[in-house]
Structures are given as C-alpha cells and as structure tokens.
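Take a look at the structure set out below.
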Amino acid sequence: MFVIDKTYTVESVTSGHPDKVCDQISDAILDECLREDVKSRVAVESFGGHGTLIVGGEVTTNAQFDAEKIAKEIYRGIGYEQELKIITNIVRQSPDIALGVDTGGAGDQGIMYGYATDETPEYLPDAVVKVHALAEGLEKLRRAGLSWMRPDGKTQITVQNGKITAVLVSAQHSEEAEQEFIKQELTDKLIKPIIGDVSSLEILVNPTGRFVQGGFEADTGLTGRKIMVDTYCGLLPHGGGCFSGKDPSKVDRSAAYMARFAAKNVVASGLAKTCLVSVAYAIGRAEPLMVEAINEKGESLAELVKAKFDFRPRAIMERLNLLRPIYLQTAAYGHFGKAGLPWEEIVKI
C-alpha cells in the first residue's frame with residue numbers, strides 16, 4: 001500500500017525556469033512535427049545556459065521545421081530578451097527502434113505510474129494543486145503588469161500533520177525592486193488568494209534577499225530535469241523517463257498519461273478514494289509486462305483496470321487521441337489536473 005505522509009514538501013517552477021524553458025522548446029518542436037505529420041517519431045532534447053542553446057535528438061518525420069526559429073520564438077515568448085547562440089543537431093531516429101515500434105510495440109522498456117485522489121476537484125493532492133497555482137500565478141502577475149517581475153521563479157509548500165505550515169516563493173525581479181516591497185506584493189496578490197489565511201504560516205520570499213539574475217543568464221537548463229514537478233511533486237513514484245520532447249510512441253510519456261487516465265476514472269467512478277496505477281514494458285513488445293493498481297487500503301484493482309483500459313501503445317494513442325500538437329501546454333505547471341487534456345477526461349467505466 002502506498003500512503004502519502006502527513007508531513008511533506010512539494011515544489012513547482014515557472015515557465016521561465018531554465019529547465020522548463022528547455023521542456024517547452026522540445027515540446028514545441030514535437031508539436032510542429034505532429035502538426036505536419038501525425039506519424040512523426042520525435043525524441044528531442046534541449047540544453048541551454050549562459051548565452052548558448054543546444055537542440056539535439058532524433059526524428060523520423062516528413063515535417064519541415066526550423067528548430068532554431070521555434071526555439072527563439074519560445075524563448076522570447078516566455079519573456080526573455082537576451083541573445084542566444086543556437087546549435088542544432090537533430091538526426092534520423094535509429095532503425096533498430098523502428099523495428100518494434102512500427103508493429104505497435106513499446107518504444108522503450110520502463111515503468112510508468114499514474115495517480116489520482118478524491119481530495120480535490122483536480123483529483124490531485126491539495127498541496128500539489130496549490131504549489132502549481134503559486135508558480136503559474138507568478139507568471140500571470142508578471143504578464144498582468146507587475147513590471148518589476150522577471151520570468152524565472154520557484155514555489156514550495158510544506159505540509160506538517162496535514163496542514164500547510166510554510167510557503168516559499170522565489171521570484172526573479174528587477175534591480176531596483178526592494179525585498180520588503182516584493183514580499184508584501186506577493187503575499188497580498190499571490191499567496192493569500194491561493195492559500196487563504198496565512199496568519200499561522202511561515203512565508204519566505206526570496207530568502208537569499210536577492211534574485212536579479214535568472215534564466216539562462218544565471219543557470220543551465222535541460223529537458224526532462226523537472227520530472228517530479230511534471231507529475232506528482234515527489235509524493236508518488238515516477239518512472240524512469242521524462243515526458244517532454246517525446247512523441248506518444250514513447251511509453252515514458254503515453255503510458256504515464258494512460259495510467260493517470262485509468263487512476264482518475266477509477267476514483268471519479270467512486271471505486272476508490274485514491275488509486276495508484278503502475279505499468280511496465282519491454283521495448284518492441286505491445287503487451288505490458290505488468291499492470292497493477294492499488295487503492296487507499298492496499299487492495300489490488302488490477303483486474304478492473306486491465307478489463308477497462310488497454311495499455312498497448314497503439315491502443316493508448318488511439319483512445320487518448322495523442323497524435324496531435326497538444327504538448328506545449330503540458331511543458332509547464334504539471335501534466336495533470338489541467339482541463340481539456342485527453343487523459344484528464346472523465347468517462348464511464
């Protein structure tokens with residue numbers, strides 16, 4: 001049985017965090033490939049920092065795309081103005097992988113997990129919902145006109161004995177903005193509206209006292225380095241791979257979405273209060289090596305899940321209609337709990 005402790009900490013990051021910039025660039029390239037060719041096979045990763053961005057990987061596609069142009073558009077769209085030297089090295093995907101994938105098999109081995117709880121309308125733990133809302137709230141405030149704010153940022157919530165006890169917000173800011181002013185602004189305009197009563201909380205805002213340098217200017221970023229932020233913020237297991245930059249033939253991504261879809265619908269149907277689904281694959285083989293599902297009592301729901309949900313890669317792509325350019329929207333503030341994504345749909349089972 002997997003039980004979330006009553007004492008834990010979760011974190012999120014803004015779209016301007018260096019790792020998330022890279023995730024968005026990789027997923028924007030994936031979307032462009034799928035927009036032109038639904039049969040595209042894509043595995044693209046980005047690495048950036050200190051004036052340089054490298055975009056590399058493997059694709060098999062008929063799409064004509066300009067990776068450098070896409071990267072620049074994403075970078076500028078997030079809100080960064082610094083110049084970037086961009087190096088691309090994208091090659092054709094290995095034919096050895098295609099031998100198994102073309103016949104409907106998994107694009108890799110691995111273990112994937114999906115989780116849901118009836119704790120919130122999003123079917124996620126409350127602190128996970130709130131920590132993403134804080135991070136996304138930083139971006140919304142910046143775009144709404146807080147001119148002192150810059151794109152980089154992080155948020156964190158600490159829960160002890162089931163209650164929120166501490167909130168941490170790190171927000172990149174202009175040189176002239178003073179910390180006392182920043183803390184008051186973010187407490188009033190961000191933290192209170194999302195958390196509610198803060199009278200008993202420890203509130204930390206830019207605890208070093210300064211966060212002027214951010215993004216690629218201060219740090220490096222890499223696709224797939226925020227996998228816990230992408231899923232359940234470390235409260236639940238995460239499989240061996242990241243999501244961004246991978247087309248849905250890669251079960252690292254699609255099977256994790258299907259596991260979430262199954263878990264959410266088990267809970268939404270009233271069959272469990274919480275559900276953790278796990279699935280494992282062998283490269284080139286369509287049938288999973290394992291499908292397991294457990295509820296809050298540690299009871300197995302595996303037979304129910306296997307009867308209602310087909311975890312073969314091609315079946316996943318068909319049921320969730322995954323061969324569409326829908327992935328850029330997942331590349332910041334979590335892949336789950338967002339309305340409109342196919343694995344978030346509630347269906348009758």
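Quick check: is even one residue across region 251-262 crowded, with 22+ Cβ neighbours inside 10 Å and over 17 Å from the mean Cα position of the chain (by Cα)?
Step one: filter region 251-262 for residues crowded, with 22+ Cβ neighbours inside 10 Å, giving 251-262.
Within this subset, residues satisfying the condition of being over 17 Å from the mean Cα position of the chain (by Cα) are 262.
Yes - at least one qualifying residue is present in region 251-262.
Taking into account only those residues within region 151-168 that are over 22 Å from the mean Cα position of the chain (by Cα) and within 19 Å of Val13 (Cα to Cα), which is surrounded by the fewest Cβ atoms within 10 Å (Cβ to Cβ)?
Of everything passing the filter in region 151-168, Ala166 is surrounded by the fewest Cβ atoms within 10 Å (Cβ to Cβ).
Where residues in region 206-217 are crowded, with 21+ Cβ neighbours inside 10 Å and hydrophobic (A, V, I, L, M, F, W, C), which of them is nearest to the chain's Cα centre (by Cα)?
Phe216
Okay, residues lined up against (1) touching a Ser or Thr at 6+ places or on another chain (Cβ under 7 Å); (2) closer than 28 Å to Thr155 by Cα:
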residue: Thr7; (1), (2): no, yes
residue: Val13; (1), (2): no, yes
residue: Gly16; (1), (2): no, yes
residue: Val21; (1), (2): no, yes
residue: Asp37; (1), (2): yes, no
residue: Glu45; (1), (2): yes, yes
residue: Gln64; (1), (2): no, no
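With Ala171, Ala177 as the choices, which residue is over 30 Å from Lys308 (Cα atoms), crowded, with 24+ Cβ neighbours inside 10 Å, out of contact with any Asp or Glu (no Cβ under 7 Å at 6 or more places or on another chain) and in contact (Cβ under 8 Å) with a residue 12 or more places away in the chain?
Ala171
If Ile283 satisfies every condition in (1) in contact with a Gly (Cβ under 9 Å, 6 or more places away or on another chain); (2) of a type in the set (A, V, I, L, M); (3) surrounded by 21 or more Cβ atoms within 10 Å (Cβ to Cβ) but one, which is the exception?
Of everything listed in (1) in contact with a Gly (Cβ under 9 Å, 6 or more places away or on another chain); (2) of a type in the set (A, V, I, L, M); (3) surrounded by 21 or more Cβ atoms within 10 Å (Cβ to Cβ), Ile283 misses just condition (3).
When you scan region 268-285, do you find a residue that is in a helix (DSSP H, G or I), modelled with pLDDT of 95 or more and not basic (Lys, Arg), even just one? Before the answer, list the steps.
Residues of region 268-285 that are in a helix (DSSP H, G or I), as a first pass: 268.
Still in the running and modelled with pLDDT of 95 or more: 268.
So of that shortlist, the ones also not basic (Lys, Arg) come out as 268.
Scanning region 268-285, I find at least one residue that is in a helix (DSSP H, G or I), modelled with pLDDT of 95 or more and not basic (Lys, Arg), so the answer is yes.
Given the conditions (1) crowded, with 24+ Cβ neighbours inside 10 Å; (2) more than 19 Å from the chain's Cα centre (by Cα); (3) of a type in the set (S, T, N, Q), report the number of the one that Ser269 does not fulfil.
Only one criterion in (1) crowded, with 24+ Cβ neighbours inside 10 Å; (2) more than 19 Å from the chain's Cα centre (by Cα); (3) of a type in the set (S, T, N, Q) is unmet by Ser269, namely (1).
Test each condition in (1) at pLDDT below 95; (2) within 14 Å of Gly137 (Cβ to Cβ) for Gly162 and report the one that comes out false.
(2)
Taking only region 305-331 into account, find how many residues are touching a Lys or Arg at 6+ places or on another chain (Cβ under 9 Å) and within 24 Å of Glu36 (Cβ to Cβ).
Of the residues in that region, 9 qualify.
List pairs: first in region 329-342 and touching a residue at least 40 places away in the same chain (Cβ under 8 Å), second basic (Lys, Arg), Cβ under 6 Å, 6+ apart or cross-chain?
What qualifies is Ala332/Lys20; Phe336/Arg260.
Here's the yes/no breakdown for (1) in contact (Cβ under 8 Å) with a residue 60 or more places away in the chain; (2) over 24 Å from Ile326 (Cβ atoms):
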{"position": "Ile4", "(1), (2)": "yes, yes"}
{"position": "Thr9", "(1), (2)": "yes, yes"}
{"position": "Ala28", "(1), (2)": "yes, no"}
{"position": "Thr61", "(1), (2)": "no, no"}
{"position": "Glu81", "(1), (2)": "no, yes"}
{"position": "Ile86", "(1), (2)": "no, yes"}
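Can you name every residue in region 260-295 that is free of Cβ contacts under 8 Å to residues at least 40 places away in the same chain and charged (D, E, K, R)?
Result: Glu287, Glu292.
Here are some residues: Thr231, Thr220. Which one is closer than 30 Å to Arg314 by Cα and either surrounded by fewer than 21 Cβ atoms within 10 Å (Cβ to Cβ) or at pLDDT 95 or above (or both)?
Thr231
Please go through region 51-90 and give me each residue that is in a loop (DSSP other than H, G, I, E, B) and surrounded by 13 or more Cβ atoms within 10 Å (Cβ to Cβ), ordered by number.
Of region 51-90, the ones in a loop (DSSP other than H, G, I, E, B) are 51, 61-66, 79-84.
Thr61, Ala63, Phe65, Gly79, Tyr80, Leu84 - these are the residues of region 51-90 that are in a loop (DSSP other than H, G, I, E, B) and surrounded by 13 or more Cβ atoms within 10 Å (Cβ to Cβ).
Please name all residue pairs, on different chains or six or more residues apart, with Cβ atoms under 6 Å, provided the first residue is in region 140-155 and is among the hydroxyl-bearing types (Ser, Thr, Tyr) and the second residue is buried (at least 21 other Cβ atoms within 10 Å of the Cβ) and assigned to a helix (DSSP H, G or I).
Here the result reads Thr155/Val131; Thr155/Leu134; Thr155/Ala135, each pair linking region 140-155 to a residue that is buried (at least 21 other Cβ atoms within 10 Å of the Cβ) and assigned to a helix (DSSP H, G or I).
Considering region 205-251 alone, what residues qualify as being within 30 Å of Tyr281 (Cα to Cα) and among the β-branched types (Val, Ile, Thr)? Explain how you work it out, then say what you get.
Within region 205-251, the subset within 30 Å of Tyr281 (Cα to Cα) is 221-251.
Those that are within 30 Å of Tyr281 (Cα to Cα) and among the β-branched types (Val, Ile, Thr): Thr223, Ile227, Val229, Thr231, Val251.
Which one is modelled with the lowest pLDDT among residues in region 286-326 that are touching a Pro at 6+ places or on another chain (Cβ under 9 Å) and either part of a loop (DSSP other than H, G, I, E, B) or polar (S, T, N, Q) (or both)?
In this case the residue turns out to be Ala286.
The values are calculated or read from the model by the stated rules, or taken from the named source; none is laboratory data. All values derive from a computational prediction rather than experimental measurement. Cβ sites come from the backbone with ideal geometry, for glycine too, and all protein chains shown count toward neighbours.
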